[in-house]
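Let me begin by presenting the structure, written as C-alpha cells, before commenting on it.
The values are calculated or read from the model by the stated rules, or taken from the named source; none is laboratory data. Note that this is a predicted model, so its numbers are computed, not measured. Glycine gets a Cβ as well: all are built from the backbone with ideal geometry, and neighbour counts include every protein chain shown.
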Amino acid sequence: MSGVVAASGRVGDGFGADSAVVGPVAGSGATAPALSPALGRVGLIWAQSDDGVLGVDGDMAWRVPADFKHFRAATMGCGVVMGSRTWHSLGGALPGRNCVVLTRRGVAGPTCASTLDEALQLAGAGLGPDPREGIYRTFPRVWVVGGAQVYQLALDSDLADVLVISELELDARAKLGPLHGRQLTLAPQVDYSRFRLEASASDSHWRPLSGDARWRVKTWVRA
C-alpha cells in the first residue's frame, strides 16, 4: 500500500490554502457536462509530483498557487472528508465546506466519524445550493481530501466514483534534497483499469508555471 515512507502515518495532502476561484478546466466545454450525476457521488482530489509524492513531514513539498485555486473551486460548498492529521495540518476547517474528520479517537471542534461510510454520509448531509461554476458543477458534492491512508481506504473500499488529480511537473525528492529522516507521504495506489479518463475535464497540455511547477489536471471516472 502506498503511504508514508518511514511508517510515520503523517499526511501531506498538498492542499493548505484558499484563493480566488478559477474558471473551467482548460480545454473543456463549459456548457457540456463532463460527468453524469449518477457517476459523481464521491470524489477524491489530490496533487502529486512526478515521483508520486503528496507531501513531506505532514505538509506540502511545493507551492503551486494555481492548484490551490483549483482545489477551492472544486470543493467550495461541498462536503469534505479528511483524516485527523490532515485536519490538524490545515489548521482546522476549510471555509465554506462541510468538514468531517475520520477518526477513532475524536477531535475537538469538527464533526467526527469512525467509519468512512459514516463520514461520507455526514459530509453530504444538508448541503445548500451548489455555488460552483462551469465544469466544477459537474464534479461530486462530496470529496475525500486526505491523507494518503484515507484515499487508499476509499479506493480499496470501492467508494471512489471520480478522481481529480493534479499532476505537478516536479521531482519532489530532487527538490527536497537529502531527506535525513524526513517523512514523505506517497500517492495512493490506483487501479486505473477500473476508471476511464474524462477528456473534457482533463488537460491535454501543461498549464503555465505557478510557483514551483507547471501542472495539469487529470479527471478519472469509474468505468
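Here Ala119 fulfils each of the conditions (1) under 20 Å from Thr86 (Cα atoms); (2) in contact with a Lys or Arg (Cβ under 9 Å, 6 or more places away or on another chain) apart from (2). One residue stands out among those in region 40-70 that are without any contact (Cβ under 8 Å) to a residue 60 or more places away in the chain and outside any loop (DSSP other than H, G, I, E, B): the one that is nearest to the chain's Cα centre (by Cα), which is Phe68. Cβ separations smaller than 6 Å between residues 6+ apart or across chains give the following pairs from region 96-125 residues that are surrounded by 15 or more Cβ atoms within 10 Å (Cβ to Cβ) to residues that are in a loop (DSSP other than H, G, I, E, B) and not polar (S, T, N, Q): Arg97/Cys78; Cys99/Ala93; Cys99/Pro110; Val101/Val107; Val101/Pro110; Cys112/Gly106. All conditions but one from (1) part of a helix (DSSP H, G or I); (2) surrounded by fewer than 16 Cβ atoms within 10 Å (Cβ to Cβ); (3) within 19 Å of the chain's Cα centre (by Cα) apply to Ala154; the one that does not is (2).
Note on region 84-95: residues that are without any contact (Cβ under 8 Å) to a residue 40 or more places away in the chain and either touching a Cys at 6+ places or on another chain (Cβ under 7 Å) or buried (at least 19 other Cβ atoms within 10 Å of the Cβ) (or both) amount to 3. Checking each residue in region 111-165 for being touching a Ser or Thr at 6+ places or on another chain (Cβ under 8 Å), among the small types (Gly, Ala, Ser) and within 24 Å of Ser193 (Cβ to Cβ) picks out only Ala148. Across region 191-219, the number of residues qualifying as in a loop (DSSP other than H, G, I, E, B) and in contact with a helix residue (DSSP H, G or I) (Cβ under 6 Å, 6 or more places away or on another chain) comes to 1.
If you filter region 71-101 down to residues that are assigned to a strand (DSSP E or B) and not aliphatic (A, V, I, L, M), you find that the one that is farthest from Ala148 (Cα to Cα) is Asn98.
With respect to Ala160, determine if the residue is in a helix (DSSP H, G or I), of a type in the set (A, V, I, L, M), within 16 Å of the chain's Cα centre (by Cα) and modelled with pLDDT of 95 or more. So Ala160 does not fit the description; no.
Evaluation of Leu179 against the conditions (1) aliphatic (A, V, I, L, M); (2) more than 17 Å from the chain's Cα centre (by Cα); (3) assigned to a loop (DSSP other than H, G, I, E, B); (4) surrounded by 14 or more Cβ atoms within 10 Å (Cβ to Cβ) shows that the sole unmet condition is (4). Working only within region 171-223, note down all residues that are in contact (Cβ under 8 Å) with a residue 40 or more places away in the chain, out of contact with any Asp or Glu (no Cβ under 8 Å at 6 or more places or on another chain) and among the acidic types (Asp, Glu). Residues satisfying the conditions are Glu198, Asp203, Asp212. Restricting region 186-215 to residues that are within 21 Å of Ala174 (Cα to Cα) and among the charged types (D, E, K, R), the residue that is surrounded by the fewest Cβ atoms within 10 Å (Cβ to Cβ) is Arg214. Within region 158-172, the set of residues being within 13 Å of Gly43 (Cα to Cα) and either of a type outside the set (Gly, Ala, Ser) or surrounded by fewer than 19 Cβ atoms within 10 Å (Cβ to Cβ) (or both) comprises Asp158, Leu159, Asp161, Val162, Leu163, Val164, Ile165.
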